[in-house]
Amino acid sequence: MAEDRPSKNDRDNSGKFSEQYDPDEFVDALRQLGGDGSTKEVADKVGCSRRTATYRLSSLRDDGRIGGREIGRSMLWMVNDGE
């Protein structure tokens, strides 16, 4: 969705895009969904596009904060036990 795309005005002084969504929002959304959910479910809870949710959830997985597994062509994201 166009509203999820940063504009050139959304950059900080170093030229990086500012973060519109806190990573904790995505972890909290998974908790609200019972500990796991699809990208679409998380995007709907957070109020962002699927593309933004995929990017943020993948980043959280890479950081070890959440887990994820493919089911067919979809991802199921889950809160790690330690989170």
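The table for this structure:
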| quantity | calculated |
| --- | --- |
| Pairwise label distance in nanometres, Tyr55 with Lys40, each label 7 Å out on the Cα-Cβ vector | 2.2 |
| Label point distance in nm, Gln32-Ser74, each placed 7 Å from Cα along Cα→Cβ | 1.9 |
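Throughout, read-outs are computed from the coordinates displayed, never taken from laboratory work. No experiment lies behind these values; they were computed from the predicted model shown. Ideal geometry is used to build each Cβ from the backbone, glycine not excepted, and the neighbour counts take in all protein chains shown.
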